[in-house]
Structure formats: C-alpha cells, structure tokens
Amino acid sequence: MDTLELPSLATVLLSVEIASTEDLTRTLRAASLPLQQRLTLAWAILDSSRVDGDAGVIQRLSAILVRKSELLVEWLLSTIRRELKTTKPSDYALFRDPAAISLLTRILENINDSLPSGTLLDVHTVLDGPFMALFVSAFSRELTTHDLSYITAVTKLWLFIVESTADGMEAVSTQLDGLTQLLSLVTAKYLRAADDNDNQLRDSFLGMLGSVFHAMRNACESTLVPRKCFALFDKDLLPQLLRLIALTSEDVTREALDMLHAGLFHVDPMRKFATELLDRVRHPTAYPATYVSPFFATLTSALESQDLAARAQYAAALPDILARYLQASALVCNETRSQATTTIGLPSVAASPASRPREDISNTCLEMFTYMYKLLQPLSSDERFLAATNRLVAVYFGDLCFGTVSNASIASGDIYHSQITILDAWLGETISPIFRNPKATPNAIALALAGIDTALEAGPDTVQARANQLLDAFSHIPIDATQPASSVLNHLVSTLAKARQLDTLFEKLVQVQVDRSARGSKYVNLLMSAPFIRAVNQAISQSMPFAPATACVSVVIDAVVAEASKLSGQGNGDEGWKRRRTSQSGKSSSRSSEFCAERLEMLATIAANVVLASATTVSTEHQRELYFQLLTAKYEELCVALSSDGVVWERLLLHYSFMEVASRIDGTERWLETCMYPERVHKSMLPTSGGDTRSARVDALAMLVAFQTAAHWSVFVS
C-alpha cells in the first residue's frame, strides 16, 4: 500500500529535543520514536526544503553534520534488513513505504552527484552485502493499483543501481538466485495484472521487467556454469516468460528474448540440443536424456494446457524462440558465423574449440522446427494457432542461413527435399482447406493468404502445384481481405514471370470455377480487378517471349469460345443467353447458367487484356505475320461464339481490344477496314434487344466502340 501521510517535522520535535548533531543522530536511531517520525527527520536532514519555518535548528545541524548521506544510507539499510527478517505483514515497515524507498534513491543520487566528474558510484561501497532481498520482498506481496507510487519508487531505485552506477549491473548479476526469484515475481505480477485487465497496474511493471531481463541476460552470458543458468528456466518460469513475450511491448519482448537466448542457447546447451535432436530422429521412442530435455517437456506440456487462452499465448511465442535458436545455430557454425544476426553468446562461442559442420547444424535446425511445427499444426483450426504456425513457417524457411533459400544451393539435397516436403504438407493440410471452407472467416482467409505469400518465397513450386485451387479462391475473396489478397496475387504473377512459367498461369486461369453467389455479396473476384490485370499485362510485356505470349492468346480465346458455347447450350435459342434476375424458386435451376455467365465475363476480361499485352512481344516481320494470322482466326471464332445479345458486353470488349491491337500492326489496314465498317459494327456488335441486363456498362462500352470505329473510319475514307 502507499505510505500514510508522514508527520510534520514540528510534530516530531514535540516528542524529542534536538540541540546538537549527536542528538540528531541519536534520535534517528532511537527505537522509542516511531519509524514514520524518524523517516520525516531523515528527509529533513537530507532536504532542507522540507524543514518547517520554526524548525530551523534541523537545517543548521544538518548543514554541519559530517557524512550525512552515508549516515542516512546506513540507518535506512540497517533498519530495512532487520525488517526483512522480522516484520509481520501487518506491521508498518520502511521497505514497504514509497517515501523511504524514494529517500534511499535520492541519497544515492546525491552521493553520485558529489563525486568528481566522470566518476560513478561504486554500489558495493554503499550498499554493502546482498541487497537483492529488498527488491524480492517488494514484489513478494500483493500489489494493486493503490501501490502504484510504491512500484514506481522501487523501480526508480532499481534502475538507478543498475544503470547509473559503476558496478550496479555487475552487483545484481552476481546474485543469481535472488535475481531469478525477482524475475519470477515481477513476471507473475505482470501476467496477473494482464489477466485482470488492469492495464494501469500491468504497465507499471514494464520498466522493472525490461531491466531485470537485461540483468539476467548479463548473468547468463558471463556464467561459468551454463548448465545452471539453463536450469533456471524451468517448467514454472519458462511458460510464464512465453506468455509475457506474447503480451508485452516490443522493447520488453526483445529484452526477454535476449535473456532467453543467453540462458537457453549458450554454446554448451547448443551442443546438447544438437545431440538430443538428432537422437530423437534416430531413436524416436527411446533416446538418451540430456540436461536440455526439460526444455522439450516444458514446451510440450505448455501446448497441452487446458487453459486455451494461455496455450495460445505460448504458441504465439514459439516462432520467436525458434528464431533465437536459429541465430544461435548460425554462431556455432564456422561457415555461417559471418552471416549471424546476433552477438549474444559470441564470447563463449569464440572460446569454444569445437565447431559443427553446416550440414549437421542444418539438420538440427530442421528437427527443432519440425518439433515445434508438430506442436502447433494440429491446433491450427483455431485462428490464433494458425497465425502462430504461419509465423513459425515464415521464420524457419526465411532464415538466411538455414532456410530454403540457403539450403537449396548449399546444404545437401536431402535437407532441402525434407524442407519442401514439410512446406507442401503445410499447404495441403493447413492452408488449402481454408479456401475450400465456405464458413471460413475473413481473418482465416487473410491468414491463409499470408501463408501462400510465405510459400511463394520459400518454395514457389509448392504453390504452383495448387494453382487451380488458389485461383478459384481468388475469384471469391472477402472484401475485408482484398488488399492482402491482391498483394499475394501479384506476388504469384511476379514469381511465375521470374520462373518463365507465366503460361501456366493462363492454363490455370481458364479452369477457374467462379462461384461468387455461393459466398454472398461481400466477396469480390480479384481475377477481374484492375491491379491483377495490370500485373498480368506488365508481366507479359516485360518477361514473356513471343511464342508463349501468342500461345496464351489462343488459350484464353479458346476458353471464351468454349464457355460461350456452354452457356448457349443451357437455354433455348436466345433465351439461353439472357442475363436476368430469377425468383427465389428459380435459383436452383438457373444457378449453372449464372456461373457460366460469371465465368464468361471473367474470361473475356482476361482475354481482352492478354490480347492487348501480347502485341508488345511482336518484334520481327515474321512474328507480325504470325500474330496477324492468329488475330484474324480468333476474331472470326469469337464473332460466331458471341453472336447473341445476352453476351453483348463480352462481344464489344473483345472487338475493341482486337481492333486496337490490329491498328498498331502494319499491313492490317484492309482487315480493319472490313471489321470496322460502320454498318457492320452496328449490325453485328451492338445489341438489338434487351437480352443483356448490364445496360449501363454495355452503353458505355458501345459508345467507346463507336468512337473507335469513327476514328479509324475517318482515316480509311480520307
């Protein structure tokens, strides 16, 4: 609890008579005077601004008191040490009073300020003996929002000792048992406040947490007994720290991970990890235990916790733990040390005579990832665990030393094959089912998209093998997931373009089954979106040779013709082409027709843009002749297939794109003159009835075609 109001100095002087410095020091130590009154006196001795106007004698005596700061420190610490051993929870005690803790900090600051410039206080000269008990006791008791000033005072004292003195960090690091106890207490207090949604109390522990983590890291890095440090992060403390990593701020999380890195992944336990991980592969049912075995038992137990919220927090921290293991692995291998992204533990690595081959380290990293992956993947039906699994995969496969980018070219083929096998299984077992699930939430779909993005970087072939299913998914993406989906779709296009496999994209696109109505109006077809069309056009123009580009034109135009024929066959005469709204009772019978119409619109949009983009690949006279032959043949096929009013929008769009491309190619003038004869365009292109209900879009496109025709025909007759 916060301090009670301290009595005034005048009240104190009514109880005692002080006429000399001896009286002053004797009164300060007098057991007959209540502690709070002596605390008031101590503050008056230190700070004359606290002296009442009628108590100037204290000010005068304080001014001539020799070594008053040292006197006050000695009195405070001796009193606090006695209290820590004997005080009952109900008794008043200085170590529970923020005013007393603040006084101690102020005295230490004054001593530090009085030293010569450039000199800092040596803690051991003032705080003689182990002082960790003060901090341990401070956080051992129940703390609430009523104790905020006390928490602030204790934190300020701690920070002064470890950050503003010459040997404070060293002093606390050498008291390893007390430091570990303090670490556990403060972590537990933070988590308790977080569980109670007491944000004010929770945040009050942050300053202490970060500093204690840093001190613990120093202790672990400088230890001569790494096994002892490893054992400190036991089945009680490690799960608490995993939860905290998932909950706290970025700066504190980094300090916590640095500490765990130094304690768990020191060079000596890294050897034990390598031995045990490989033994787990060779002897999965009975392998020799080492002192790192409890680490695996603790993680397994944490992920089997009955508390689902806590289990999700444990899961969220696993990718960060794996990242630190990979960093430590890079340090213990001569071949990767120069690529390591950390220096934690580097002195112990440099002092170690042994170094394992890169292939062995790659194997152990693969096994550590596999172990964690098997903990998380079965839980991925929950979006929290799916997010953790995604991050775990991204951390491992994206690692510069041991991920697929490295191992594809450096490590053995067996390791790379194992990595790709796991990646493929993850896509098949975890990611792909989300796209097939009609009840998948927008957040789940966004997570699945992030998984695809990761796989495109880690192993593009695994994504290409599932391109049909993925493109189907892109035809009905939730509006809320439009931005990440567009990014992933563009990534897919650029990846295929780099691999010179863009033609496979069009082979898959023409097989897409559009089913937007099954998902509802809150879903969009990204395969018809402007960003996707721009990405495809750019990829064709910049990376596709003439032959595959024209092959793609044939593929998409043939698909348009086939879909138009299919749609035509589902009705009787022109009625089969009409796009109309149906009553609720007629939805089932017309659904197939609606899907075909949706597909035809998508295919026509893609085909029109592929035709326009493919023209940029023509560079020789022979290619020009071949391209012109292709255009004329495909145009005739389209004129036949799209001859009814129900598909006038597709007919106008493709006519416009064909005429636009042909106008850019020499030698096509006679053909253009025939195709753009105004009367022919009017009779064969424009609608003669209201069969196509997309009237506004049709009217706009018809106007564009009319302007195009007029512009070109004016050239022909001039």
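Considering only the range 654-678, state which residues are more than 17 Å from THR550 (Cα to Cα) and either in a helix (DSSP H, G or I) or touching a His at 6+ places or on another chain (Cβ under 8 Å) (or both).
Of everything in the range 654-678, those that are more than 17 Å from THR550 (Cα to Cα) and either in a helix (DSSP H, G or I) or touching a His at 6+ places or on another chain (Cβ under 8 Å) (or both) turn out to be HIS655, TYR656, SER663, GLU669, ARG670, TRP671, LEU672, GLU673, THR674, CYS675, MET676, PRO678.
Would you tally the residues in the range 63-118 being surrounded by 12 or more Cβ atoms within 10 Å (Cβ to Cβ), outside any helix (DSSP H, G or I) and among the polar types (S, T, N, Q)?
Number of matching residues: 1.
Whether any residue in the range 645-653 is at pLDDT below 80 and part of a loop (DSSP other than H, G, I, E, B) is what I want to check.
Checked the range 645-653: no residue is at pLDDT below 80 and part of a loop (DSSP other than H, G, I, E, B).
I need the full set of residues from the range 435-444 which are of a type in the set (A, V, I, L, M) and either farther than 13 Å from TYR523 by Cα or surrounded by fewer than 18 Cβ atoms within 10 Å (Cβ to Cβ) (or both), in order please.
Within the range 435-444, ALA444 is the sole residue that qualifies.
Look at THR155 and say whether it is of a type in the set (Val, Ile, Thr), open to solvent by 10 Å² or more (accessible area, probe 1.4 Å), touching a residue at least 12 places away in the same chain (Cβ under 8 Å) and not in a loop (DSSP other than H, G, I, E, B).
yes
When both residues are 6+ apart or on different chains and their Cβ atoms are under 7 Å apart, which pairs have a first residue that lies in the range 268-282 and is farther than 12 Å from VAL332 by Cβ, and a second that is β-branched (Val, Ile, Thr) and assigned to a helix (DSSP H, G or I)?
Filtered contacts from the range 268-282: LEU277/THR364; LEU278/THR364.
Within the range 691-718, which residues are modelled with pLDDT of 80 or more and not small (Gly, Ala, Ser)?
ARG697, VAL698, ASP699, LEU701, MET703, LEU704, VAL705, PHE707, GLN708, THR709
May I ask you to list the residues in the range 282-299 that are outside any loop (DSSP other than H, G, I, E, B) and either farther than 29 Å from ALA312 by Cβ or in contact with a Lys or Arg (Cβ under 6 Å, 6 or more places away or on another chain) (or both)?
ARG282, THR298
Sort through ALA194, ALA215, ALA138, ALA133 and tell me the only one that's at negative phi and either among the polar types (S, T, N, Q) or open to solvent by 40 Å² or more (accessible area, probe 1.4 Å) (or both).
None of the other options fit; the residue is ALA133.
Tell me the residue from SER362, SER432 that is in a helix (DSSP H, G or I), open to solvent by less than 20 Å² (accessible area, probe 1.4 Å) and in contact with a Lys or Arg (Cβ under 7 Å, 6 or more places away or on another chain), please.
Every option except SER432 fails the conditions.
Which one of the conditions (1) without any contact (Cβ under 8 Å) to a residue 12 or more places away in the chain; (2) touching a helix residue (DSSP H, G or I) at 6+ places or on another chain (Cβ under 8 Å) does GLN327 fail to meet, given that it meets all the rest?
(1)
If we keep just the residues of the range 569-591 that are open to solvent by less than 40 Å² (accessible area, probe 1.4 Å) and either in contact with a Ser or Thr (Cβ under 8 Å, 6 or more places away or on another chain) or at pLDDT 50 or above (or both), which is nearest to SER644 (Cα to Cα)?
Selected residue: TRP577.
Inside the range 634-644, can you point out the residues that are assigned to a helix (DSSP H, G or I) and either touching a helix residue (DSSP H, G or I) at 6+ places or on another chain (Cβ under 9 Å) or open to solvent by less than 10 Å² (accessible area, probe 1.4 Å) (or both)?
LYS634, TYR635, GLU637, LEU638, CYS639, VAL640, ALA641
Determine if the range 223-230 includes at least one residue that is closer than 18 Å to MET169 by Cβ, touching a residue at least 60 places away in the same chain (Cβ under 8 Å) and either touching a strand residue (DSSP E or B) at 6+ places or on another chain (Cβ under 6 Å) or hydrophobic (A, V, I, L, M, F, W, C) (or both).
no
Considering the range 332-349 alone, what residues qualify as being closer than 21 Å to MET216 by Cα and over 25 Å from the mean Cα position of the chain (by Cα)?
Scanning the range 332-349 gives GLY345, LEU346, PRO347, SER348, VAL349.
Pick from VAL555, VAL610: which is part of a helix (DSSP H, G or I), modelled with pLDDT of 85 or more, open to solvent by less than 40 Å² (accessible area, probe 1.4 Å) and touching a helix residue (DSSP H, G or I) at 6+ places or on another chain (Cβ under 7 Å)?
Just a single option satisfies the conditions, and that option is VAL610.
With in contact (Cβ under 8 Å) with a residue 40 or more places away in the chain, in contact with a Leu (Cβ under 7 Å, 6 or more places away or on another chain) and among the hydroxyl-bearing types (Ser, Thr, Tyr) as the only criterion, which of SER352, SER380 stands out?
SER380
Given the residues SER301, SER329, which is the only one that is among the polar types (S, T, N, Q) and open to solvent by less than 30 Å² (accessible area, probe 1.4 Å)?
Exactly one of SER301, SER329 is among the polar types (S, T, N, Q) and open to solvent by less than 30 Å² (accessible area, probe 1.4 Å), namely SER329.
I'd like to check something: does the range 161-176 contain any residue that is in contact (Cβ under 8 Å) with a residue 12 or more places away in the chain and within 21 Å of ALA42 (Cβ to Cβ)?
Yes, some residue in the range 161-176 is in contact (Cβ under 8 Å) with a residue 12 or more places away in the chain and within 21 Å of ALA42 (Cβ to Cβ).
The values are calculated or read from the model by the stated rules, or taken from the named source; none is laboratory data. As the structure is a prediction and not an experimental result, all values here were calculated from the model. Reconstructed Cβ throughout: ideal geometry from the backbone, glycine too, with neighbour counts over all protein chains shown. When the accessible area is computed, the model is the full protein with side chains, heavy atoms only, and any ligands, DNA or RNA have been set aside. Shrake-Rupley method; radii C 1.70, N 1.55, O 1.52, S 1.80 Å.
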